[in-house]
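The structure that follows is given in the form of C-alpha cells.
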Amino acid sequence: DYLDDVIRNGTSKEKYEAFFFSNESAYQYLPDVERTALELLRGDFSLSASQFLDQHVELLGRTSDTKFIQGVTNAKKFLLKHLDDKPPSQYDRTEVRLLMNAGIENGLKTQTVKRYLTTIRAAFNNVALELELDSEKHHPFTDFKVPQLGDDSKDREDFTFEELQQVRWMKEKRKPEITWLIHLMLETGMRVNEVCGLQVGDINLEHDFPHLAIHRNTFRRLKTKGSQRFIPLIGIALEAATKAIAGSKGVWLFPSYIDFEKQTTKNNQASGATNKQIRSVLGQAAPTAHSFRHTMQTRLRQVDCPESLRNELGGWVKTVSESYGSSKDLRRKTKYLRKVLDLQHLS
C-alpha cells in the first residue's frame, strides 16, 4: 500500500492508471530509496561491477589515498574496456579468460593484468560481504591463473659505478631540492615516498653517527610496518640533508612535495622530477630513481654486509634486534655504508 501511494503521488493520473492495469514492474516508477528497498525485499538488488569498485574504496575508508584510488580506477577502466558493466555473479569464467587475453594482447604486462584482476576480486569480495549481497559472493574472479605470468617482465637495471659517480657530481639546478632528493636516495636506498615524507625532526645531525628516522606520519603511509627504520647519513646524503634542513622554513624537509589539502605526499610528481633530472645527466635510457634501492642492495652485498642488516636498511625486515636504532646499531650500519662509499666498481 505504501509503495502504491508513492507511485500514485509521484506520477500523473494517466501514468498511474496505465501502470495499475498493466503487468509492468514497479521499479521504474519508484524513487531510488524505495526501489532499492523493494529490490532487497525481493532479492533482486545488486550493484554493477563499477559500483562494486567504487564502494570498495568507500568501505575501506581510503577516499583520500590517491595511490590506492588510482589503482582501483585503473582496474575499473581495464574491466569496462573489455567487458560489460554488470553484477559480478553474471560474469562467467570465459569472460575472465577473455579479459586476461585482451589485456595481454593490448600490450599490458602479465603482472599488471594480475594486479588488476586481484583488485577486482578484492572489491567484489569486500562489498558483497559488507553489504550482505549473498548472491554476489559467488563470482568467477577467483583462482585465476594469468598465462605465462612474469615471462614478459624485465629485471630492473642497476646503476653502474660510472653512472653513480656522474649523479654524485650532478650540480644543483633551478630547483635544488630535486638534487637533494636524488642524493638522499642514492646513498640511503630510500623510496621516493619515504624521502618526500621526511620531516626536519626526522634528521639527527648532532649524533655521533648522523642519521635519519623513517616512520609513519599523517601525510605518509609506509609500505609495511618493517619500513620503519634508522639510516645513517654519509657522503652526499649527509650533505643533501644538511642543505635541505638549512633551506627548510617549516616542519617538512621537502614541502614542495607535500599535498597539504589531501594530507599526502606528491611522490608521483617527485618521481617525475627526479627521473627527468637523472635522464638529463645520463640520457633517456637511464635507470629510474627507484633503481637506487636495487643498486644499494647490490653495493651492500659486494661489501659482505649481513643479510639482516641489508633488510633493515632497505625496510624489508620482519623482526628487529634489541639494539635496533641504538648507537651500536648505527655504528654497524655506518661501517658498511662507508665501505659501500669506498667501492671503486660494481659487479
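The values are calculated or read from the model by the stated rules, or taken from the named source; none is laboratory data. Keep in mind that this is a model prediction, so the values were computed, not measured. Positions of Cβ are backbone-derived with ideal geometry, glycine not excepted, and every protein chain shown enters the neighbour counts. Heads up: the accessible areas ignore ligands, DNA and RNA and are worked out on the full protein's heavy atoms, side chains in. Shrake-Rupley method; radii C 1.70, N 1.55, O 1.52, S 1.80 Å.
At a 1.4 Å probe radius, carbon and sulfur cover how many percent of the accessible area of region 229-347? Each step should come with its number before you reach the end.
On the way: 2980 of 6120 Å².
Answer for region 229-347 is 49 percent, counting heavy atoms of protein chains only.
Would you please put 232-240, 51-59, 105-113 in order of how densely packed they are, using the mean number of other Cβ atoms within 10 angstrom per residue and starting with the highest?
Values: 232-240: 20.7, 51-59: 18.2, 105-113: 14.7.
Final packing ranking: 232-240, 51-59, 105-113.
Can you tell me how much longer the chain between residue 168 and residue 279 gets when fully stretched, taken as 0.36 nm per residue apart minus their C-alpha distance, in nm with one decimal?
Values: separation 111, 0.36 × 111 = 39.96 nm, distance 1.38 nm.
Value of the extension gain: 38.6 nm.
Mean Kyte-Doolittle of at least -0.5 and a Cα length of 27 Å or more along the axis: which whole DSSP H helices of the chain meet both? Show your work: numbers first, answer last.
Working: long enough: 110-130 (30 Å, -0.11).
Helices passing the filter in the chain: 110-130.
For residue 308 and residue 148, calculate 0.36 nm times their separation in residues minus their Cα-Cα distance, and state this gained length in nm to one decimal.
Working: separation 160, 0.36 × 160 = 57.60 nm, distance 3.29 nm.
Additional length available on full extension: 54.3 nm.
Taking a ≥ b ≥ c as the square roots of the Cα gyration tensor eigenvalues, with a/c under 1.5 meaning rounded and otherwise prolate when a/b beats b/c, else oblate, which class fits the chain?
Values: a/c = 2.80, a/b = 2.28, b/c = 1.23.
Prolate.
Give the residue from 296, 198, 50 lying farthest towards the positive end of the charge dipole for the chain; charges sit on Cβ (+1 for Lys and Arg, -1 for Asp and Glu) and the dipole is referred to the Cα centre.
The residue sitting farthest along the positive end of the dipole is 296.
Run the dipole for the chain about the Cα centre, Lys and Arg Cβ at +1, Asp and Glu Cβ at -1, nothing else charged, and hand back the magnitude in debye, nearest 20. Write out the running numbers ahead of the final one.
Working: 51 positive and 46 negative charges, 426 e Å.
Dipole magnitude for the chain comes out near 2040 debye.
Hey, any idea what % of region 59-99's accessible area is carbon plus sulfur with a 1.4 Å probe? Spell out each step's value before the answer.
Details: 1160 of 2380 Å².
That fraction is 49 percent.
If you don't mind, there's one more thing I want to ask. With a cut-off of 8 Å between alpha carbons and a minimum separation of six or more residues, what is the relative contact order of the chain in percent?
Details: 406 pairs, mean separation 52.6, N = 347.
That works out to 15 percent.
Here is a follow-up. Averaged per residue, what accessible area in Å² does the chain show with a 1.4 Å probe, protein chains only?
On a per-residue basis, the chain sits at 56 Å².
What are the residues whose amide H is under 5 Å from the amide H of residue 258, where those residues sit 5 or more places off or on another chain and H is modelled from the backbone?
266
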